[in-house]
Amino acid sequence: MRKGLFIFMIVLLLATMTFATFNWRKFAGQTITVLFVKHPFTEAILPYISEFTQKTGISVSFLVLPETEYWDKLNIDLSSGQGSYDVFMTGPSIEWQHAYAGWIEPLDSYVKSSELTSPDYDFEDFYPAFTAANRWNKKIGGGLGEGHLWAIPVMVETSILAYRKDIFDKYGVKVPETYEEWRKVAAELAEKAKSENIYPVIQRGARDITSIQAGYYTAFSTYGAKDFDENMNCTINSPQGVKITEIWVDTIKKYGPPDWTNVTWFDLMERFASGRYGMVVDCDFFAGTYENPKKSKVAGKVAYALPPKGPDGAIRSNIWTWALSMNARSKHKEAAWYFIQWVTSKEMLLRSALYGNLDPVRKSVWENPKVVEMTEKWGGGTWRKVVTQMLEKYAAWRPTPQTELIAMWTRWIEALHEIYEGKATAKEALDKAAKDIDKIMERAGLK
Amino acid sequence: MYRKGKWIFVLPAFMILAMILYPFGVGVYYSFTNYRLIFPVIRFIGFRNYIDAILSQDFWYSLKITVFFTAMSLAIELMAGIGIAHLLSRKFKGIGIIRLLVFTPMMIPPVISSMIWKTMMAPDGVLNYLLSFLGAPKIQWLSSSDIALFSVALINVWIYLPFTTLILLSGLESLPQEPFEAAKVDGANSMQIFSYITLPLLKPFIILVILFRTIDSMKTFDIIFSTTKGGPIDSTRVLQLAIYEEGLKWNNMGYALSEIMLLWLMIYLFSQVAFKSFFGKGASS
């Protein structure tokens, strides 16, 4: 007993010693290169990079690119095997390609290593859903949230309902709780709120994969539809898939802006802020724009709610999460890990959140008094309440792991356009798309 | 010394040639492989990609759209270009300023122009607003798959019309005056002068415009990427955009390169045929 206590004391002592002496300067003198996307996260981090160099002695050179150029540049560089960028921003569907090709370094061992990771890093502080989104066991068609950790998330966005509370209240319109109600509420707004000169709904619709990823995928999953079955047959044309797609496109066609097929996520955000739309199921952190009187005509007029429920009463929001990966060809892996660790530390993620890099992926950041203070007044307090539930319960990365997501989703959005233009019914368009997607999978050897 | 050193002057040309030919050669090589960006194993597969491309409906569909796009752009540009060049070739007060203004679209980066046009072509945009005074209904410029291709061709025309005009204007100004004077003496009216003297004399310049603008329009990417991204559905998915998606977005590099080679071959053959048939056998590029 006494011996046990003794050993316990020694271990405790050793533990505190390492705590006190975690060596941030172990890799001083090395230089790493980081590739960033132009994003609030990047803008928040860049001014502090000199602090990192002071703290660790590691020099950082970096390149910031707009998103359209970013992926092309990154993929070409990675495929050339040059290892030009030690650390880069990424996201779940991209990690699938990179992990499959062996281009990125699994990060589990770094996170677990007491030599390489400061004891106050606190990996458990991350919301499990978002580290799970960056985990995959490299099995096509499954294994999401299992196997290696390929990246550490730095922000997450979920899909929630934002609506014009002033207009809803004025005309006595109820907030929709299901997608059927969503369609009905849109119709009601079109009729009752005619004098407001608004389109009742707006959603993304440009020929771009992000048009599938947010609101639409949330509705699609919530309705119980799946993209693939266990044999990698495309099932977007399942009865649930057809039903929700029919509701979705029909509502947008009747009650949305007539140029839906050109609306990108950015247009959506700007336009809702312009005050000409009634409600939107999309990115939660757009609230930062909606609530900013300098950028928005609807500041103080918007309230937020959970996205509509499915037939089984469940909500399954899809997410996007930016994360940091390490190049498997990096020549300074430890230094690169130090950088990732520093950027994703509580302190830095808090700073970035306060700059506007929302939503936080760390619980401690989300609950930090300063973040609470910044967000608690949005939508009369509704935003924070809704997003807390999303982060803790309803949000996850939903698509089935595979490497052809971009080709597949491009074909998918084409089908939605066909329905929108009345060139095919939801069933016909999705049947045809599913067949083409099966061909894409066959061609890539995934089926 | 003078004799020995002369190769130095050729060197830059050789270097530039090498810098063009090397990537081109690499491209040709990869077009015969199964190169996928995310699969490191590269295997030689002969003409497989070319056969796949030629047999695929997507390729021919995109080619058809590209040709439509080019033909529409070229037709409008030529007609408007000749008209504007004619106006600008007259001498009157303020012509300097008007000339300057006419050429501004060329000074704006095409991506910026396209973004501005995207805003103007929105359903509630400036264009529909102006048309509403004429009693026209709202046109879905970029958001209807039936009209979008025409709309992006219009943007293409707007951006490159100054170029066409510039060439035709310098052509008009370089024409000899004698035939015109002779025609006037003979009592030809202005329509006759235009069709029997101006147009034939202007032919080399028109051909130049056709060549340049066909090649350019066949390669259009920026205008479409910054407006419709190939949509609605796939109504503006021109070949360049299809190749970009195939290669960089869907990672099928080998296949995309084979499509590029086919496009290159077509443009090359077109320019050869066009050049020779217009200028006769003596001329060659």
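Averaged over its residues, how many other protein chain Cβ atoms are within 10 Å of peptide B:118-125's Cβ atoms? Before the final figure, lay out the partial values.
Details: counts 3, 1, 0, 2, 7, 5, 4, 1.
Taking the mean over all residues of the peptide, I get 3.
Please list the non-local residues whose amide H lies under 5 Å from the amide H of A:Val64, H modeled 1.01 Å from N, same-chain partners needing a gap of 5 or more.
Placed amide hydrogens put A:Phe36 under 5 Å from A:Val64.
Residue by residue through region B:236-248, which ³J(HN,Hα) values in whole Hz follow from phi under the Karplus form 6.51 cos²θ - 1.76 cosθ + 1.60 (θ = phi - 60°), with glycine and proline marked x?
So the J values, rounded to whole Hz, are 10, 7, 5, 4, 4, 5, 4, 5, 4, 4, 4, x, 9.
Work through the residues other than A:Ile198 whose Cβ is under 13 Å from its Cβ and net out their charges, Lys, Arg +1 and Asp, Glu -1.
Details: positive: A:Arg164, A:Lys170, A:Lys192, A:Lys194, A:Arg271, A:Arg276, A:Lys297, A:Lys301; negative: A:Asp166, A:Glu188, A:Glu191, A:Glu196, B:Asp124.
Computed value for this residue: +3.
Starting from region A:168-250, pick out the GluC sites (Glu not before Pro) whose DSSP state is loop and whose Cβ has at most 15 other Cβ atoms within 10 Å. Let's see the in-between values first.
Details: sites: A:Glu177, A:Glu180, A:Glu181, A:Glu188, A:Glu191, A:Glu196, A:Glu230, A:Glu246; in loops: A:Glu177, A:Glu230.
Here the sparse-neighbourhood loop sites are A:Glu230.
For region A:88-134, which residues drop by 10 square angstrom or more in accessible area between the chain on its own and all protein chains together (1.4 Å probe)?
By number: A:Gln97, A:Tyr100, A:Ala101, A:Trp103.
Over all directions, average the projected area of the Cα convex hull of region B:2-69 and note it in nm².
Working: hull surface 33.8 nm².
Approximately 8.4 nm², given one-decimal rounding.
How large is the translational diffusion coefficient of region B:55-279 in µm² per second when you combine the Kirkwood radius over alpha carbon pairs with Stokes-Einstein at 4 °C and 1.567 mPa s?
Numbers: Rh = 19.5 Å.
After rounding, the answer is 66 µm²/s.
When only the heavy atoms of the protein chains count and the probe is 1.4 Å, how do B:Ile260, B:Ile167, A:Ile319 rank by accessible area, highest first?
If we order B:Ile260, B:Ile167, A:Ile319 from most to least accessible, we get B:Ile260, B:Ile167, A:Ile319.
Between the alpha-carbon centers of region A:117-166 and region A:279-356, tell me the distance in whole angstrom.
11 Å
What is the calculated FRET efficiency for A:Asp108 to B:Tyr50, with r their C-beta to C-beta distance and R₀ = 35 Å, to the nearest 0.05?
Numbers: r = 44 Å, r/R0 = 1.26.
The pair A:Asp108/B:Tyr50 has a calculated efficiency of 0.20.
In Å², rounded to the nearest 100, what is the total accessible surface buried by chains B and A against each other with a 1.4 Å probe? Each step should come with its number before you reach the end.
Values: alone 17070 and 19050 Å², together 33400 Å².
It comes to approximately 2700 Å² buried between B and A.
If I model a spin label at B:Met107 and A:Lys370 as a point 7 Å from the Cα along the Cα→Cβ vector, what separation in nanometres do I get?
Rounded to a tenth, the inter-label distance reads 4.7 nm.
A:Arg398's amide H: which non-local residues (gap 5+, or another chain) put their own amide H closer than 5 Å, with H modeled 1.01 Å from N in plane and none for Pro or chain starts?
Here A:Ile319 satisfy the definition.
Net charge around A:Ala225, counting only other residues with Cβ within less than 11 Å of its Cβ (Lys, Arg = +1; Asp, Glu = -1)?
On the way: positive: A:Lys226, A:Lys243, A:Arg316, A:Arg398; negative: A:Asp227.
Computed value for this residue: +3.
For a quick check, take a GNM of chain A with Cα springs below 10 Å and name the residue from A:Lys243, A:Lys165, A:Lys294 with the largest mean-square fluctuation.
A:Lys294
How much accessible area per residue does the protein assembly as shown have, in Å², with a 1.4 Å probe?
That works out to 46 Å² per residue.
Using only atoms on other chains, find how many Cβ atoms lie within 10 Å of each Cβ of peptide B:35-41 and report the average.
On the way: counts 1, 7, 9, 14, 8, 5, 0.
Mean number of neighbouring Cβ atoms from other chains: 6.
For the protein assembly as shown, what is the percent of antiparallel DSSP beta bridges, rounded to the nearest 5?
For the protein assembly as shown, the DSSP antiparallel bridge percentage is about 70.
How would A:Phe27, B:Phe133 rank on accessible area, largest to smallest, probe 1.4 Å? Let's see the in-between values first.
Numbers: A:Phe27 30, B:Phe133 140 Å².
From most accessible down to least: B:Phe133, A:Phe27.
Within the accessible area of the protein assembly as shown, what % is carbon and sulfur when the probe is 1.4 Å and the other protein chains stay in place? Don't jump to the answer; show the numbers that get you there.
Numbers: 21220 of 33400 Å².
That fraction is 64 percent.
What percent do you get for the relative contact order of region B:148-277 when only Cα pairs under 8 Å and 6+ apart count? Please list the in-between numbers first.
Working: 71 pairs, mean separation 30.6, N = 130.
Over region B:148-277, the number comes to 24 percent.
For peptide B:135-146, how many partner chain Cβ atoms fall within 10 Å of a residue's Cβ, on average?
Working: counts 0, 0, 0, 2, 0, 5, 2, 3, 12, 4, 7, 2.
What the average comes to for B:135-146 is 3.
Taking the Cβ of A:Ile209 as the center, what net charge do the other residues with Cβ under 13 Å away carry, scoring Lys and Arg +1 and Asp and Glu -1? Spell out each step's value before the answer.
On the way: positive: A:Arg204, A:Arg207, A:Arg411, B:Lys229, B:Lys249; negative: A:Glu67, A:Asp208, A:Asp227, A:Glu404, A:Glu414, B:Glu245.
Counting the neighbours of A:Ile209, the net charge comes to -1.
Over the Cα atoms, compute the radius of gyration (one decimal) and Dmax (the largest Cα-Cα distance, rounded to a whole number) for the protein assembly as shown, in Å.
According to the Cα coordinates of the protein assembly as shown, Rg and Dmax are 29.9, 126 Å.
The values are calculated or read from the model by the stated rules, or taken from the named source; none is laboratory data. Remember, predicted model here, so these are calculated numbers, not experimental data. With ideal geometry, Cβ positions are generated from the backbone for all residues, glycine too; neighbour counts draw on all protein chains shown. Accessible surface is based on the protein model in full, side chains and every heavy atom, while ligands, DNA and RNA are left aside. Shrake-Rupley method; radii C 1.70, N 1.55, O 1.52, S 1.80 Å.
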